[in-house]
Amino acid sequence: PQRTYIFTFLLSSRVFIHPHELLAKVGQICIKQKQQLEMGTEAEKAKLKSFAAKIIQLLKEWTETFPYDFQDEKSMKELKEIAHRITQCDEENGTVKKIISQMTQNLLMALSARSQYQEIREKFRQPVTDKGTILKTKPQSTQKDILSVCCDPLILAQQLTYIELERLSNIYPEDLMQIVSHMDSLDNHKCRGDVTKTYNLEAYDNWFNCLSMLVATEICRVVKKKQRTRMVEFFIDVARECFNIGNFNSMMAIISGMNLSPVARLKKTWSKVKTAKFDVLEHHMDPSSNFCNYRTALQGAAQRSQTANSNREKIVIPVFNLFIKDIYFLHKIHTNRLPNGQINFKKFWEISRQIHDFLTWKQVECPFEKDKKIQSYLLTAPIYSEEALFIASFESEGPENHMEKDSWKTLR
C-alpha cells in the first residue's frame with residue numbers, strides 16, 4: 001500500500017490492538033508465507049525475495065514513524081524474530097541483513113534520544129507567590145526585565161519560534177493518538193491511557209501557559225505608566241512578528257497573557273497604547289465561528305509552506321490546544337465502528353491527515369540562531385501566580401470600583 005495508507009493504518013490500529021500484538025500477527029504471516037513459497041515451484045521460491053522486500057518496507061516505515069512502539073521487550077523480541085526469518089530469504093547476497101542492521105541501529109538511536117528527553121523533563125516553573133516580593137515597597141529600577149535582555153520584537157519572536165520548534169520535535173504521532181485511545185477505548189474496554197505518554201503534550205501546553213503568565217508578569221510589575229505602556233506595545237509587536245513568521249502558538253499565548261484580567265484592567269495604561277495593531281491581532285484570533293479567521297490564516301501559512309524554498313517560509317506552528325481539540329472532536333463526533341461492525345476507516349483517515357500535516361510542520365529545521373541569553377530569560381524568568389498578578393496590578397493602578405476594592409482588601 002501507499003505510505004499514507006500504512007501511516008494511517010499503524011496510527012489508528014493502536015486504538016483497537018496493542019502494537020506488539022499487531023507485530024506478532026505480521027510475524028505469523030511471515031511464517032505462513034515463507035513456508036508456502038519455499039514448498040512451491042522455482043517461480044514461487046523466487047517470489048520470496050519480493051515478499052521479503054515488502055516486509056522490510058513495512059518494518060522500516062513502522063520503526064521510523066513510531067519508534068516508541070518498540071520500547072517494550074515484547075515488540076523488540078518480535079521485531080528480531082521477523083528480521084531473522086526475512087534474512088534467511090536472501091542469505092546469498094546479504095543485502096537484507098545490511099538493511100535490517102541499519103534499521104535496528106536507527107531505531108535504537110531514536111529510542112535512546114527519546115528516553116534522554118524524558119530524563120531531563122523540565123522542572124515546571126513555580127509562580128512567585130511571596131507577597132513581600134511583589135508589593136512594591138521599593139523602586140524596582142535595578143530589576144531585570146525582558147526589554148533589558150531583548151528590545152527587538154523580531155528577534156524575540158524568532159527566539160520564541162526556536163523554543164516552539166524544539167518543543168514540537170518531542171511530540172510524536174502516538175502521543176497525539178493518545179487523545180483518541182486514552183479517552184475511551186470502549187470497543188474492547190481496555191483503556192490504554194498511560195500518563196507518561198501524554199507527558200509531552202502536557203509539557204508543551206505548560207509552555208503556552210508559562211509564556212502567557214510571563215507576558216502578564218512583565219507588564220504588571222512595571223511601576224511607571226509610561227514604561228508599562230511601552231512594554232504593552234512591545235509585546236503587541238512581538239505577537240505581530242510571530243504571526244508573520246507563522247508561529248501562531250506563541251502569538252496566541254502573548255494575546256492570552258494580555259487579556260488576563262490583571263492586565264486588561266489597567267485602563268490608564270491601555271488608554272496610552274496605540275491599539276490599532278492589537279485590534280488586528282485580536283481579529284485574527286477571534287473565537288467566533290470556531291476561530292474562522294485563525295483557520296484561514298493557518299491555511300494560508302500551510303500553503304506557503306508547501307511551495308517554500310527556504311526553511312524561513314516553511315514555518316507553521318499551529319495553536320496547539322486548538323489542534324488537540326480538533327482531533328478530540330473528530331474522535332467524539334464519529335464512531336470507531338460502522339453499523340456493520342467494520343472499522344470506520346474514514347474517521348481515522350481524517351485524523352491521520354491532520355496528524356500528518358502536524359508532523360510535516362514539526363520537522364522544519366529552525367532557520368534562526370539560538371540566543372542563549374534571551375532563551376534563558378524566557379524559560380527561567382520568575383512568573384507571578386494569578387493572585388500575585390492582581391496585587392502587582394492594583395499597586396500599579398488602584399482599584400476602580402467596589403468589587404475591585406473588595407478583592408484588593410482580601411489580597412492584602
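The values are calculated or read from the model by the stated rules, or taken from the named source; none is laboratory data. Bear in mind that the values here come from a model prediction, so they are computed numbers and not experimental data. Here the Cβ positions follow ideal geometry from the backbone for every residue, glycine too, while neighbour counts run over all protein chains shown. Ligands, DNA and RNA are stripped out before the accessible areas are found, and what is left, the full protein with its side chains, is counted by its heavy atoms. Shrake-Rupley method; radii C 1.70, N 1.55, O 1.52, S 1.80 Å.
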Scanning the stretch 26-53 residue by residue, those part of a helix (DSSP H, G or I), surrounded by 12 or more Cβ atoms within 10 Å (Cβ to Cβ) and not aliphatic (A, V, I, L, M) turn out to be 27, 30, 33, 34, 36, 38, 44, 45, 47, 49, 51
Checked 253, 239 against criteria (under 15 Å from residue 378 (Cα atoms), part of a helix (DSSP H, G or I) and over 17 Å from the mean Cα position of the chain (by Cα)); the one match is 239
If you go through 296, 269, the only one that is assigned to a helix (DSSP H, G or I), open to solvent by 50 Å² or more (accessible area, probe 1.4 Å) and either of a type in the set (Ser, Thr, Tyr) or farther than 20 Å from residue 324 by Cβ (or both) is 296
Taking the stretch 1-16 and the residues there that are free of Cβ contacts under 8 Å to residues at least 12 places away in the same chain and in contact with a helix residue (DSSP H, G or I) (Cβ under 8 Å, 6 or more places away or on another chain), the one that is surrounded by the fewest Cβ atoms within 10 Å (Cβ to Cβ) would be 1
Practice item. Test residue 224 against the criterion of being over 26 Å from residue 171 (Cα atoms), touching an Asp or Glu at 6+ places or on another chain (Cβ under 6 Å) and surrounded by fewer than 20 Cβ atoms within 10 Å (Cβ to Cβ), and give yes or no. Key: no
Open item on the list: Residues that are in a helix (DSSP H, G or I), modelled with pLDDT under 95 and under 23 Å from residue 394 (Cβ atoms): does the stretch 194-206 have at least one?
Closed with: no
ask   = Going by the conditions given, is residue 80 at pLDDT 90 or above, within 31 Å of the chain's Cα centre (by Cα), over 28 Å from residue 358 (Cβ atoms) and of a type outside the set (Val, Ile, Thr)?
value = no
Over the stretch 54-77, the set of residues among the aromatic types (Phe, Trp, Tyr), at pLDDT 90 or above and part of a helix (DSSP H, G or I) is 62, 70
Looking across the stretch 272-286 at residues that are part of a helix (DSSP H, G or I) and among the basic types (Lys, Arg), the single one that is least open to solvent (accessible area, probe 1.4 Å) is 277
Selection from the stretch 17-52 of residues in contact (Cβ under 8 Å) with a residue 40 or more places away in the chain and more than 18 Å from residue 351 (Cβ to Cβ) yields 18, 20, 23, 24, 26, 27, 30, 31, 34, 48, 49, 52
Condition set out of contact with any Phe, Trp or Tyr (no Cβ under 7 Å at 6 or more places or on another chain) and part of a loop (DSSP other than H, G, I, E, B), scope the stretch 388-412, selection surrounded by the fewest Cβ atoms within 10 Å (Cβ to Cβ): answer is 401
Checking 327, 315 in turn, the sole residue that is modelled with pLDDT of 95 or more and open to solvent by less than 20 Å² (accessible area, probe 1.4 Å) turns out to be 315
- Going by the structure shown, is residue 383 of a type in the set (A, V, I, L, M) and surrounded by 15 or more Cβ atoms within 10 Å (Cβ to Cβ)? yes
Of 370, 314, 325, the only residue that is under 25 Å from residue 254 (Cα atoms), in contact with a Ser or Thr (Cβ under 6 Å, 6 or more places away or on another chain) and charged (D, E, K, R) is 314
Among residues of the stretch 337-365 being in a loop (DSSP other than H, G, I, E, B) and open to solvent by less than 50 Å² (accessible area, probe 1.4 Å), the residue farthest from residue 180 (Cα to Cα) is 364
Contact list, first residue from the stretch 377-400 and under 14 Å from residue 257 (Cβ atoms) and aromatic (Phe, Trp, Tyr), second anywhere and modelled with pLDDT of 90 or more and assigned to a loop (DSSP other than H, G, I, E, B), beta-carbon distance below 9 Å, six or more apart or interchain, is 384/221
Margin query: With the structure loaded, tell me whether residue 252 is open to solvent by less than 10 Å² (accessible area, probe 1.4 Å), among the aliphatic types (A, V, I, L, M) and in the same structural domain as residue 366 (by the TED database) or whether it fails that test.
Written below: no
